[in-house]
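Enquirer: One structure, pasted below without further comment.
None of the figures in this text is laboratory data; all of them are computed from the coordinates on show. Computed from a predicted structure; not experimentally measured. Cβ sites come from the backbone with ideal geometry, for glycine too, and all protein chains shown count toward neighbours.
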Amino acid sequence: MNSKTLPYLLLAPATVFLAVFFVWPFLQIAYLAFTTEGGFTLQHFETMAGNWKFWPTFWNTIILAAIVVPLQLVMALTMAQVVAKLNTARNTILYIFTIPLGLSDLAAGIIWLAIFEQSGFLNSMLVGLGVVERPILFLGYQNLWVIFVAVILAELWRATAIVMVILVSGMGLIPKEYYEAAEVFGAGPWQRFVKVTLPMLRPSIQTALILRTIAAFEVFAVVVALGGTTLPVLVGETFNWQFALQDRSVAAAYALVILAISIAATLVFLRLLRTPKGATV
Amino acid sequence: MSAAAADRPRAVSDIGAAGKFLFWAGVVLLCAWVLVPIYLLVVNTLSSTAEVTAFPKTGIPSFDLGSIQFFLSFQGVLKALWNSLLVAVLTMVLSIAIGAPAGYALSRFEFPGKATFRMLVLMTRAFPLPLLALPIAVMFIRVGLDDTPVGLALVHTTLAIPFSVLITFSIFSGIPLELEEAAWTLGCNRLQAFGKVVLPLVLPGITASAIFAFTISWNEVFAASVLTVQNRTLTAFLLQSLSVSPLHLRFAGGAALVIPALIFIFAVRKYMFAMWGIANR
């Protein structure tokens with residue numbers, strides 16, 4: 001074995017695997033969504049968009065992501081700044097901050113269900129404090145916005161950690177000299193954050209936003225755990241068409257919609273937050 | 001922080017003390033935000049089945065094992081736990097066996113096609129991968145892998161491979177090539193040098209990335225629910241029974257999902273930042 005063929009041999013298993021389980025199924029989804037009995041059609045997309053549930057589903061997903069992701073960025077920046085300032089107990093606090101990273105979205109949904117359900121901890125607290133007399137049914141269809149808030153809280157709780165971890169490792173790459181120079185020129189802590197940290201952190205912020213936005217479009221188990229089918233989201237509807245309505249083509253069309261908005265978001269972030277040439281550390 | 005405070009000689013200690021108090025109050029608040037919801041889930045899990053639906057709640061566990069007993073004796077739970085474990089272990093083994101050679105090749109060789117392969121791996125990030133389970137389900141029926149732990153593990157491996165390739169790439173890049181070359185001059189062939197010099201050095205990092213693959217599989221909901229019917233994993237089982245199962249079953253199930261994940265995140269905490277540091281690039 002010489003070093004000409006060795007790298008290809010080493011890459012072969014991963015390449016074959018990704019071809020079979022990533023590229024091929026993706027082509028299959030596109031084929032399912034665009035054909036009927038062998039011919040090209042847009043019929044499945046029409047069925048999908050013609051259903052009354054489609055647009056509420058679409059906007060629920062987009063609005064959730066549009067609220068959750070920016071809040072997560074702010075929270076994660078705060079947490080990362082806090083960690084950067086810590087001298088004592090840094091590792092312990094960092095570990096605590098990263099705990100939700102290892103939890104599944106389903107578990108996060110169940111955890112927030114314990115808080116929001118009718119006999120749950122939020123009602124116990126409200127009644128205990130005398131704010132309300134009887135426990136409120138938070139997660140019913142009459143209170144759609146409460147389900148929305150609960151999902152947002154659960155998503156913030158669960159998935160801010162990943163943004164923070166990416167930002168903390170990005171901050172580690174910023175040379176200390178930059179801060180020292182800024183201080184020499186009289187920049188205060190806030191100015192240093194805006195003029196040094198944020199611009200230097202750009203590639204990390206970009207990565208974090210792309211990863212998080214795509215994941216936010218895939219929100220599913222949290223919503224099911226908290227609201228059942230009361231608050232429809234795109235992946236939930238994909239699931240619904242695949243199993244309850246038994247129409248795999250429409251399910252594939254839904255999958256392509258999720259894919260399309262994911263790619264669109266990725267391109268927007270790549271363009272918006274591109275690093276100028278020659279400006280890397 | 002202290003340097004900035006020193007610029008203003010007056011009342012330094014006052015500002016410092018108040019600022020310090022606010023800072024630590026913020027830290028405590030952030031830690032509570034992460035830990036309290038988990039604590040509440042544990043409270044519900046360690047309560048009797050009657051206490052879980054009782055109102056109001058005290059927030060103090062009674063250490064009654066009723067909920068846990070109910071959960072473990074519920075039809076299908078033990079099998080689901082076993083399936084989750086089996087799929088996660090298979091995913092762990094497969095993703096390292098397939099991903100690590102690719103990571104090694106990327107870190108040690110320059111060859112035509114390297115950029116293309118990296119692109120393929122990075123592209124998987126912009127895709128909502130679990131959705132690919134829809135066409136894969138059909139593919140599995142044809143080859144007889146439907147509803148089997150092996151089939152699901154193959155899909156979970158697709159989710160884990162981009163991570164295992166990038167993580168092992170950075171781990172191998174951290175080992176100087178000179179160490180390997182020294183072993184070659186001392187009469188080792190490539191394989192021996194790898195086994196005697198490189199492997200012991202990278203083993204902890206590889207273990208961390210294996211554990212990471214395990215948690216990806218353990219936590220995954222959508223593909224698991226699509227691909228398993230009789231052989232449900234714990235996440236698929238819980239998702240399916242969400243709307244019909246009693247609260248105590250859901251909370252105990254949530255705890256069963258959370259606890260192994262907590263242990264694993266604790267085990268790999270040292271590597272978390274090294275892993276996501278590369279994820280930036």
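Enquirer: Would you list the membrane-span-like helices of chain B, meaning whole DSSP H runs whose alpha-carbon atoms span at least 24 Å along their axis and whose mean Kyte-Doolittle value is at least 1.0?
Expert: Qualifying helices: B:12-45, B:77-108, B:149-173, B:199-219, B:247-267.
Enquirer: Over the protein assembly as shown, with a single point scatterer placed on each C-alpha, what log10 of the ratio I(q)/I(0) does the Debye formula yield at q = 0.06, 0.07 1/Å?
Expert: Log10 I(q)/I(0), no solvent term: -0.33, -0.45.
Enquirer: Take the Cβ-Cβ distance between A:ALA260 and A:LEU27 as r, set R0 to 25 Å, and report the resulting FRET efficiency rounded to the nearest 0.05.
Expert: Working: r = 16 Å, r/R0 = 0.62.
FRET efficiency, A:ALA260 to A:LEU27: 0.95.
Enquirer: Dipole of chain B (Lys/Arg Cβ +1, Asp/Glu Cβ -1, origin at the Cα centre): which of B:LEU131, B:ILE211, B:PHE117 lies farthest to the positive side?
Expert: Working it through, the farthest residue towards the positive pole turns out to be B:PHE117.
Enquirer: Taking H placed 1.01 Å from N in the peptide plane, check which residues at least 5 places from A:THR35 or on another chain put their amide H under 5 Å from its amide H.
Expert: A:THR41
Enquirer: Peptide A:220-229: average number of partner chain Cβ atoms within 10 Å per residue?
Expert: Numbers: counts 5, 9, 1, 0, 6, 6, 1, 0, 2, 1.
Going residue by residue through A:220-229 and averaging, the value is 3.
Enquirer: What number comes out for the charge environment of B:ASP146, summing +1 per Lys or Arg and -1 per Asp or Glu over other residues with Cβ under 15 Å away?
Expert: Here the count lands on +2.
Enquirer: On to the next question. Figure the gain on full extension for A:THR47 and A:THR35 (residue separation times 0.36 nm, minus the Cα-Cα span) and round it to one decimal in nm.
Expert: Taking A:THR47 through A:THR35 to full extension adds about 3.0 nm, to one decimal.
Enquirer: Follow-up question, since we're still on this one. For peptide A:173-186, what's the mean number of Cβ atoms from other chains within 10 Å of each residue's Cβ?
Expert: Mean partner-chain Cβ count within 10 Å for A:173-186: 1.
Enquirer: Let me ask something else. With a point put 7 Å past each Cα toward its Cβ, work out how far B:PHE194 is from A:ILE152 in nm, to one decimal.
Expert: Placing both labels 7 Å along Cα→Cβ, they lie 5.2 nm apart.
Enquirer: Taking the number of other C-beta atoms within 10 Å as the exposure measure, put A:TYR8, A:TYR254 in order starting with the fewest.
Expert: A:TYR8, A:TYR254
Enquirer: I would also like to ask the following. Calculated FRET efficiency, B:SER173 and B:PHE111, Cβ-Cβ r, R0 22 Å, to nearest 0.05?
Expert: Here the calculated transfer efficiency is 0.90.
Enquirer: Sticking with this one: Dipole size in debye (nearest 20) for the protein assembly as shown around its Cα centre, Lys and Arg Cβ +1, Asp and Glu Cβ -1?
Expert: In debye, rounded to 20, the protein assembly as shown gives about 1100.
Enquirer: Here is a further query. Could you list B:PHE214, A:PHE17 in order of exposure, starting from the residue whose Cβ has the fewest other Cβ atoms within 10 Å?
Expert: A:PHE17, B:PHE214
Enquirer: Compare B:THR235, B:THR185, B:THR91 in a GNM of chain B, Cα atoms joined below 10 Å, and give the one with the largest fluctuation.
Expert: B:THR185
Enquirer: Then there's this: With point charges of +1 on the Cβ of Lys and Arg and -1 on the Cβ of Asp and Glu, referenced to the Cα centre of region B:69-279, which listed residue (B:PHE172, B:LEU94, B:PHE266) lies farthest in the positive direction of the dipole?
Expert: Of the candidates, B:PHE266 comes out farthest on the positive side.
Enquirer: Further question on the same structure: Which helices, counted as full DSSP H runs in chain A, have an axial Cα extent of no less than 24 Å and a Kyte-Doolittle average of 0.5 or above?
Expert: Span-like helices, by this rule, are A:54-85, A:144-171, A:248-272.
Enquirer: Moving on to the next point. List the residues, sorted by chain then number, that are 5 or more residues from A:PHE220 or on another chain and whose placed amide H is less than 5 Å from its amide H.
Expert: Close amide H contacts, sequence-distant or interchain: none at all.
Enquirer: Sticking with this structure for a sec: Rounded, prolate or oblate: which fits region A:20-84 when a ≥ b ≥ c are the square roots of the eigenvalues of the alpha-carbon gyration tensor, with rounded for a/c under 1.5 and prolate only if a/b beats b/c?
Expert: Note, shape of region A:20-84 comes out oblate.
Enquirer: Let me ask you something else. Going by average Cβ density within 10 Å per residue, which order do the peptides B:241-247, A:199-205 take, highest to lowest?
Expert: Values: B:241-247: 14.7, A:199-205: 20.0.
Listed from highest to lowest mean packing, they are A:199-205, B:241-247.
Enquirer: Charges on Cβ only, +1 for Lys and Arg, -1 for Asp and Glu, centred on the Cα centroid of the protein assembly as shown; of B:LEU247, A:ASN60, B:GLY26, which one is farthest towards the dipole's positive end?
Expert: Projecting each Cα onto the dipole axis, the largest value belongs to B:GLY26.
Enquirer: Please get the size of the charge dipole for region B:78-228, origin at its Cα centre, with Cβ charges of +1 on Lys and Arg and -1 on Asp and Glu, quoted in debye to the nearest 20.
Expert: Using Cβ point charges on Lys, Arg, Asp and Glu, region B:78-228 gives about 100 debye.
Enquirer: Of A:LYS4/A:LYS176; B:LYS114/B:LYS196; A:LYS4/B:LYS196; A:LYS4/B:LYS270, which pairs sit farther than 30 Å apart, going by alpha carbon to alpha carbon?
Expert: Violating the 30 Å limit, Cα to Cα: A:LYS4/A:LYS176; A:LYS4/B:LYS270.
Enquirer: Can I ask one more? Given a 10 angstrom Cα cut-off, can you work out which residue in A:MET171, A:MET125, A:MET75 is the most mobile in a GNM of chain A?
Expert: Most flexible of the set in this elastic network: A:MET125.
Enquirer: Right, here's the next one. With charges only on Cβ, +1 for K and R and -1 for D and E, what is the dipole size of region A:55-272 about its Cα centre, in debye, rounded to 20? Mind dumping the intermediate values first?
Expert: Numbers: 11 positive and 10 negative charges, 102 e Å.
Dipole of region A:55-272, to the nearest 20 debye: 500 debye.
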